[in-house]
1. Taking 0.36 nm per residue of sequence separation and subtracting the Cα-Cα distance, how much length would be gained by fully extending the chain between Lys196 and Lys117, in nm to one decimal?
2. For the stretch 1-110, run through the GluC sites (Glu not before Pro) and keep only the ones in DSSP coil with at most 14 other Cβ atoms within 10 Å of their Cβ.
3. Aspartates and glutamates within cross-link reach of Lys54: Cα-Cα under 12 Å, excluding same-chain residues under 8 positions apart?
4. Any of Lys116/Lys196; Lys8/Lys76; Lys117/Lys213; Lys116/Lys213; Lys76/Lys213 with alpha carbons more than 21 Å apart? Name them for me.
5. From the phi angles alone, apply the Karplus equation (6.51, -1.76, 1.60; θ = phi - 60°) to the stretch 89-99 and give each ³J(HN,Hα) in whole Hz, x where the residue is Gly or Pro.
Amino acid sequence: MDDPAATKYRTLFLSDLHLGSRGMQADFLLDFLRHNEADTVYLVGDIVDGWRLKSGWYWPQSHNDVVQKLLRKARKGARVVYVPGNHDEFARDYVGLVFGGVEVVESAVHETADGKKMLIIHGDQFDIVVRNARWLAFLGDWAYDWALWINTQFNRLRRVFGFGYWSFSAWAKLKVKDAVNFIGDFEQTLAAEAAKRGVDGVICGHIHHATIKTIDGALYVNIGDFVESCTAIAEHADGRFEILHWRSTAEERAPAKAEPSRLTERAAA
């Protein structure tokens, strides 16, 4: 059951949930959906991981619970807009249709409370690897899964000794030169696309790196993901954007040394 004291925002943005993959953090996402409401919810690509589901079916009850909670928000009156990405590109065949109150669109322009116009797009369209070397994208995806597995084992040991979560891949993104250059190029390209379309900024996903910054006069907002960082973007009533770091929020609220599975039980209640 949703929390009657849930925080209410003007708009919530979620991206890169990767439902159907083993790395998806359904526990934290269910907890997030229970404690946060909005007038409008944007699902900005890679919500379902079609690449993973093609290679082997994985769909636990918790992933179904996530879908049901999103549909429930639509039934309760929230506007829910789904912008597909590269992992759920199959949904691009249904652009213009509405399913269970969820609108499927190629991209969108969102006007904030203070009048800014923001392009909403997943961002894979501007990733040269995804566009021109699909096999390399799959290889990179496999390497990312391997890093997640290593990260999981490492953090189990950290919990035993009372340490908090630490992300190897997030660290690598900020330390490995090629990764830093890729993120910088991606951000510059998306900011330039916003300027080209005559809007004030862009809200995207794809690279699993949450940030809010101004690039050459354009506001660049990346939502992050619910695989590792467990981040979302919230728009407040005054139009201000904020990154919500839900992993740390949920862990701080949970009893000391509680396993994430404990959160699942409460969130699914």
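Readers should treat all values here as calculations from the given coordinates under stated rules, not as data from a laboratory. Quick caveat, the model's predicted, so the values are computed rather than measured. Cβ coordinates were reconstructed from backbone atoms using ideal geometry, including for glycine residues, and neighbour counts include every protein chain displayed.
1. Values: separation 79, 0.36 × 79 = 28.44 nm, distance 1.30 nm.
Taking 0.36 nm per residue and subtracting the Cα distance, the gain is 27.1 nm.
2. On the way: sites: Glu37, Glu89, Glu103, Glu106; in loops: Glu106.
When the GluC sites (Glu not before Pro) of the stretch 1-110 are filtered for loop state and at most 14 Cβ neighbours within 10 Å, Glu106 remain.
3. Asp88
4. Details: Lys116/Lys196 15 Å; Lys8/Lys76 14 Å; Lys117/Lys213 15 Å; Lys116/Lys213 15 Å; Lys76/Lys213 33 Å.
Violating the 21 Å Cα-Cα cut-off are Lys76/Lys213.
5. Ordered by residue, 3J(HN,Hα) equals 5, 4, 6, 5, 5, 10, 4, x, 9, 10, 10 Hz.
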